[in-house]
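Visitor: Let me give you the structure first, and then I'll get to my questions.
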Amino acid sequence: MDMAVKTPSSPMQKVMDGLRAWARINSPWVIHYNSGSCNGCDIEILATLTPRYDLERFGVKLQGSPRHADVLIATGPVTRQSRERLLRIYEQMPDPKFVVAVGSCGLSGGVFHGCYNIVGSIDEVLPVSAYIPGCPPRPEAIIQGVVALLQSLKPQ
Amino acid sequence: MPTQEQNQKFIVPIGPQHPALKEPGHFEFTVDGEIVTAASVRLGYVHRGIEKGTEDRTWTQNVYLLERICGICSHVHVTAYVVAVEQLAKVQAPPRAEAIRTIVAELERIHSHMLWLGVAAHEGGFDSLFMYSWRDRETVMDILETISGNRVHYSANILGGVKFDIDDQKRDFILKGLEFLEERTNHYMKIVTTDETFLGRTRNIGTMTKEQAIELGAVGPTARASGVTIDIRDSAPYSAYKTFPVNVITDETGDLLARFVVRIKELLESYRLIREILDHMPEGELAARIPRRIPAGETIHRVEAPRGELFYYVKSGGGDKPERIKVRTPSLCNWSSVINFAVGHKLADMPMILAGIDPCFSCNDRLIKIRRANQSQVWTWEDLRLHGIEYYR
């Protein structure tokens with residue numbers, strides 16, 4: 001996603017952009033939504049926030065409100081009922097925003113592929129920035145996915 | 001104007017995306033000031049159509065699909081299914097396989113209850129207990145990973161037996177882990193029953209009497225906390241529970257505190273049971289051969305999931321795919337109790353009361369069809385799919 005702010009570039013603006021990118025990378029706030037997952041990914045996401053793995057050391061904080069969040073971590077295949085919700089949550093998030101799809105189901109529909117109430121993978125509904133495969137992915141994999149996303153945001 | 005104000009209702013909507021629970025569910029609490037006067041729940045955000053999906057997959061493929069009904073109690077779902085299919089095929093799993101199934105089921109109960117303890121404490125604003133219990137839960141996750149190779153979906157069961165063995169090395173690892181967990185569980189018992197601030201959030205909150213529990217059809221630890229002696233491991237033993245009986249743990253008070261106490265005592269009971277099975281491991285094969293086509297017939301099987309009674313109905317038409325699989329999960333049975341005893345409590349107690357039944361949305365979001373008199377209708381895969389598309393359009 002384009003990180004640049006669409007304003008005439010001035011030296012001051014450059015400094016401000018750099019500052020904004022620095023702040024965003026060092027303290028991304030995430031929101032978690034389960035759009036039809038079996039819970040396996042959700043408990044692993046929660047496990048990454050607890051003492052053994054501690055994602056908070058990267059400045060990542062789990063937020064309750066989409067309006068405060070930079071990154072949406074979505075798990076599971078998208079069901080017909082939660083599709084609207086997922087879109088609404090995404091639309092409520094302020095720009096720039098990123099989506100991380102966690103788990104095989106989020107990537108492709110996984111084991112539920114072909115069930116009648118499934119729309120499909122998360123990227124059929126939202127633009128996804130990072131994919132974390134696994135059923136469920138280990139907490140280390142989730143951390144690596146989030147860190148890789150943050151690395152990609154660094155100004156070149 | 002006072003007359004108008006009296007008619008005004010203030011409804012607090014919560015969800016489906018909300019910070020409290022990690023799963024989507026929508027609740028509406030009608031409040032009068034701070035007191036909840038009515039509650040309603042709207043489920044179905046995670047309805048995926050698994051029961052219909054099973055009819056499109058072979059018996060073996062369904063093992064992996066049904067495991068993913070729920071990520072927390074994945075093993076018991078497959079146990080219920082696999083034992084039902086074995087009943088249809090008239091195959092008996094070897095005793096060692098049944099013992100390993102039971103060990104994994106009890107390890108799963110430990111991981112599920114510790115997870116719940118943390119989440120419920122978090123809902124009560126007691127985040128240090130949340131962090132501590134989740135740290136200690138990693139011990140049982142390590143055990144599960146060591147014996148099965150995966151942290152969450154262990155895939156222990158196959159039709160006719162189990163996939164992996166528990167050798168002496170793994171046995172020692174389990175016993176060492178249990179020792180640590182037992183010490184920590186005793187510590188949690190002390191915290192939950194003596195910490196004044198925590199007792200303020202749990203004592204006399206969401207109380208359900210024994211009569212109410214029976215009337216509302218509560219199951220599992222929620223019912224046992226109200227004094228109902230209902231445990232499938234005890235009343236209809238299956239697998240290794242026939243040879244290694246469990247002690248049913250009940251409490252009389254029926255409030256949130258009782259639900260905490262019952263679940264923590266169940267942890268201690270699970271440690272005892274695993275040690276007993278490991279001491280008397282039957283020798284023998286890990287799996288029996290099972291035909292690819294299951295003979296026609298129908299059967300049921302019940303197991304005790306961490307959240308209560310789990311019921312499976314399996315019907316075979318004689319082919320390599322099932323004709324019908326019906327799942328009745330414990331979380332759905334417990335919802336009516338929450339909605340009933342939420343009334344009269346403060347809005348701030350709602351997260352604790354909701355978490356008190358250990359709700360699992362991915363289990364309970366299933367299609368319920370009310371049967372009308374004189375009207376019978378068979379839904380095909382295509383009908384159901386079209387209905388789903390129309391309904392959610």
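Visitor: Give the residue that is farthest from A:PRO77 (Cα to Cα), with candidates limited to residues of the range A:38-50 that are at the interface with another protein chain (Cβ under 7 Å from one of its Cβ atoms) and aliphatic (A, V, I, L, M).
Guide: A:ALA47
Visitor: Further, regarding this structure: Between residues in the range A:133-156 that are over 18 Å from A:ASP54 (Cβ atoms) and residues that are among the β-branched types (Val, Ile, Thr) and assigned to a helix (DSSP H, G or I), which pairs lie under 6 Å by C-beta distance while being six or more apart or on different chains?
Guide: A:LEU153/A:ILE25
Visitor: For the subset of the range B:289-324 comprising residues that are acidic (Asp, Glu) and in contact with a helix residue (DSSP H, G or I) (Cβ under 7 Å, 6 or more places away or on another chain), which member is farthest from B:ILE232 (Cα to Cα)?
Guide: Ranking the candidates gives B:ASP320 first.
Visitor: Here is a follow-up. Taking only pairs six or more apart or across chains, which ones have beta-carbon atoms under 7 Å, a first residue in the range B:32-50 that is at the interface with chain A (Cβ under 7 Å from one of its Cβ atoms) and free of Cβ contacts under 8 Å to residues at least 24 places away in the same chain, and a second residue that is aliphatic (A, V, I, L, M) and surrounded by fewer than 13 Cβ atoms within 10 Å (Cβ to Cβ)?
Guide: none
Visitor: Now, a different point. Go through (1) among the β-branched types (Val, Ile, Thr); (2) assigned to a helix (DSSP H, G or I); (3) within 17 Å of the chain's Cα centre (by Cα) and name the single condition B:ILE100 misses.
Guide: That leaves (3) as the condition not met.
Visitor: Ok, one more. Could you please tell me which pairs satisfy a Cβ distance under 8 Å, a separation of 6+ or placement on different chains, a first residue in the range B:160-180 that is more than 25 Å from B:ARG289 (Cβ to Cβ), and a second residue that is part of a helix (DSSP H, G or I) and of a type in the set (Phe, Trp, Tyr)?
Guide: Between residues of the range B:160-180 that are more than 25 Å from B:ARG289 (Cβ to Cβ) and residues that are part of a helix (DSSP H, G or I) and of a type in the set (Phe, Trp, Tyr), the close pairs are B:LEU178/B:TYR271.
Visitor: Determine which member of the set A:LEU86, A:LEU55, A:LEU107 is surrounded by 14 or more Cβ atoms within 10 Å (Cβ to Cβ), within 12 Å of chain B (Cβ to nearest Cβ) and at negative phi.
Guide: A:LEU86
Visitor: Taking only the range B:362-393 into account, find how many residues are part of a helix (DSSP H, G or I), at pLDDT below 75 and either surrounded by 14 or more Cβ atoms within 10 Å (Cβ to Cβ) or away from chain A (no Cβ under 11 Å) (or both).
Guide: 6
Visitor: With the requirement that a residue be crowded, with 24+ Cβ neighbours inside 10 Å, in contact (Cβ under 8 Å) with a residue 60 or more places away in the chain and more than 13 Å from chain B (Cβ to nearest Cβ), what does the range A:110-132 give you?
Guide: Passing the criteria: only A:ILE122.
Visitor: Answer with yes or no whether B:THR329 is under 16 Å from B:LYS90 (Cα atoms) and of a type in the set (S, T, N, Q).
Guide: Spelling it out, it is not the case that B:THR329 is under 16 Å from B:LYS90 (Cα atoms) and of a type in the set (S, T, N, Q).
Visitor: Only one of (1) modelled with pLDDT of 90 or more; (2) within 18 Å of the chain's Cα centre (by Cα); (3) surrounded by fewer than 22 Cβ atoms within 10 Å (Cβ to Cβ); (4) of a type in the set (A, V, I, L, M) fails for B:ALA236. Which number is that?
Guide: Every condition holds for B:ALA236 apart from (1).
Visitor: Please go through the range B:323-361 and give me each residue that is on the phi < 0 side of the Ramachandran plot, of a type in the set (D, E, K, R) and not in a strand (DSSP E or B), ordered by number.
Guide: Once the filter is applied, which keeps residues that are on the phi < 0 side of the Ramachandran plot, of a type in the set (D, E, K, R) and not in a strand (DSSP E or B), the range B:323-361 yields only B:ASP349.
Visitor: Does A:GLN81 satisfy being in contact with a strand residue (DSSP E or B) (Cβ under 6 Å, 6 or more places away or on another chain), facing chain B (nearest Cβ under 9 Å) and not aromatic (Phe, Trp, Tyr)?
Guide: So A:GLN81 does not fit the description; no.
Visitor: Please tell me if A:GLN13 is of a type outside the set (A, V, I, L, M, F, W, C), closer than 27 Å to B:LEU117 by Cα and at pLDDT below 85.
Guide: Spelling it out, it is not the case that A:GLN13 is of a type outside the set (A, V, I, L, M, F, W, C), closer than 27 Å to B:LEU117 by Cα and at pLDDT below 85.
Visitor: Among the candidates B:ARG96, B:ARG101, B:ARG135, B:ARG171, which residue alone is at pLDDT 90 or above and closer than 24 Å to A:PRO137 by Cβ?
Guide: The conditions single out B:ARG135.
Visitor: Something else about it: On the given criteria, is B:ARG137 surrounded by 20 or more Cβ atoms within 10 Å (Cβ to Cβ), away from chain A (no Cβ under 14 Å), basic (Lys, Arg) and in contact with a helix residue (DSSP H, G or I) (Cβ under 7 Å, 6 or more places away or on another chain)?
Guide: no
Visitor: Within the range A:30-37, is there a residue that is out of contact with any Gly (no Cβ under 7 Å at 6 or more places or on another chain), more than 8 Å from chain B (Cβ to nearest Cβ) and either surrounded by 13 or more Cβ atoms within 10 Å (Cβ to Cβ) or under 21 Å from B:GLN17 (Cα atoms) (or both)?
Guide: yes
The values are calculated or read from the model by the stated rules, or taken from the named source; none is laboratory data. Predicted model, so just to flag it, every value in this text is computed and none were measured. Backbone-built Cβ (ideal geometry, glycine too); neighbour counts: all protein chains shown.
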